[in-house]
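First the structure, in the form of structure tokens, and then the observations on it.
The values are calculated or read from the model by the stated rules, or taken from the named source; none is laboratory data. Given the structure is predicted, the values throughout are model-derived calculations rather than measurements. Backbone-built Cβ (ideal geometry, glycine too); neighbour counts: all protein chains shown. With ligands, DNA and RNA removed, areas are computed over all heavy atoms of the protein, side chains included. Shrake-Rupley method; radii C 1.70, N 1.55, O 1.52, S 1.80 Å.
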Amino acid sequence: MAGVAFIRPLSNSQKLFLQRLMVAHVLTDSQAKDLYATIREKFANVQPDGEDDIDPCYMGNNFEHCLGIINSSLLPAFDLEICTVSLPPIYDPDNPHALQSPNDDDGDNSQNSRRRSKNNATNRLVKYHAVVNRSNDTIAQKSGSPLCHGGPHELAYFRLVFEKLVERGLENESASASVGCSGVMSRMELINLRTELGGPHKDKLTISQTEVALEMLEREGWIVVGAPPEEDDESVPDGEDDEGGGVQSSKIRRKRKSAKRSYSDGNRRKSLKGTFYGVGPRSFMELGDFLQGLGFPEEKMPQSILHRV
């Protein structure tokens, strides 16, 4: 048909990579490259059935070339595209010290040292990959958005979740990274947001319904586990007394320092307030305009990396 561009079919290995990425929703750069290498090895000895068949093992010259090849077919055919953004590393509650720089662990476990370590980590960026909708059709754009999952009450709840996370990030702007949103809320806080819904949405979501909604947001990469906010250091420096002074102040200082050591020791640092969540990479890829509409600064939006051939 005249005017219709030829769309090159993907090879079987390219299709498998695309399917795995879509199922995962979001992959880090290292995860995506591992997947690329695994599939390439799997198809290494597979041969085409005929002379005109597409080479099933062809995955481009390298990882970036493969993404460009997939996009050259995916974008004109379905208005979908593999998108990449760079953001601070996602917090790992099972290995909270993994984000430290090699020079961060100098034996100083003070609050200032931990804050420096956290700031150094957030200034390092990690690439994240996901398949996003590039259609200009408003309905098509919203079809994959969490803002259209479920009914009107879930819609109102999702909007409130992102509104509050952006609000927290703006409050913590001075300590945040150069890009991304530093705002986090505990799981309990997010569940309790349902009580702040008003109008026709008031008292319409149960706890179980809200938990299902949160699980969907996390599973699909719209929100991610975040680092617990820093605890305020209420200990009194040596040489300074609390009101009343004397031995009692000294005991209070020792008690607080002991509590801080107990809280910080070990490889597993868990907040007493439970798991915290923040805005995930996929939200920046597909909900950028929405987040900026909530007041998120444009200069803190991550830049998208395009893959073309």
field: Some residue of the stretch 54-65 being in contact with a helix residue (DSSP H, G or I) (Cβ under 6 Å, 6 or more places away or on another chain), modelled with pLDDT of 95 or more, in a loop (DSSP other than H, G, I, E, B) and open to solvent by less than 70 Å² (accessible area, probe 1.4 Å)
entry: no
- request: Working carefully through the options 240, 286, 230, find the one that is modelled with pLDDT of 50 or more and surrounded by fewer than 18 Cβ atoms within 10 Å (Cβ to Cβ).
  value: 230
- request: Take residue 1 and decide whether it is exposed (fewer than 13 other Cβ atoms within 10 Å of the Cβ) and modelled with pLDDT of 95 or more.
  value: no
message: If I ask for residues that are under 25 Å from the mean Cα position of the chain (by Cα) and aliphatic (A, V, I, L, M), which ones from the stretch 58-79 would you list?
response: 67, 70, 74, 75
- prompt: If you go through the stretch 50-68 one residue at a time, do you hit one that is free of Cβ contacts under 8 Å to residues at least 12 places away in the same chain and aromatic (Phe, Trp, Tyr)?
  reply: no
task: Just give me the residues in the stretch 192-230 being within 24 Å of residue 286 (Cα to Cα) and among the β-branched types (Val, Ile, Thr), in sequence order.
output: 210, 212, 223, 224, 225
- line: Sole miss for residue 98 among (1) at pLDDT 85 or above; (2) loosely packed, with under 15 Cβ neighbours inside 10 Å; (3) within 29 Å of residue 124 (Cα to Cα) is condition (1)
The lone exception for residue 84 - which of (1) modelled with pLDDT under 95; (2) out of contact with any Cys (no Cβ under 7 Å at 6 or more places or on another chain) it fails: (1)
Cβ-Cβ under 9 Å pairs, at least 6 apart or on other chains, the stretch 89-100 side assigned to a loop (DSSP other than H, G, I, E, B), far side open to solvent by 60 Å² or more (accessible area, probe 1.4 Å) and modelled with pLDDT under 65: 93/268; 93/270; 94/267; 94/268; 95/267; 95/268; 100/118; 100/120
query: How many of the residues making up the stretch 175-211 are without any contact (Cβ under 8 Å) to a residue 40 or more places away in the chain and either β-branched (Val, Ile, Thr) or assigned to a loop (DSSP other than H, G, I, E, B) (or both)?
result: 7
message: So in the stretch 289-309, with the set limited to residues that are open to solvent by 60 Å² or more (accessible area, probe 1.4 Å) and not acidic (Asp, Glu), which one is nearest to residue 179 (Cα to Cα)?
response: 303
- request: Residue by residue through the stretch 16-53, note down the ones that are open to solvent by 60 Å² or more (accessible area, probe 1.4 Å) and modelled with pLDDT of 95 or more.
  value: 19, 20, 22, 23, 30, 31, 33, 34, 38
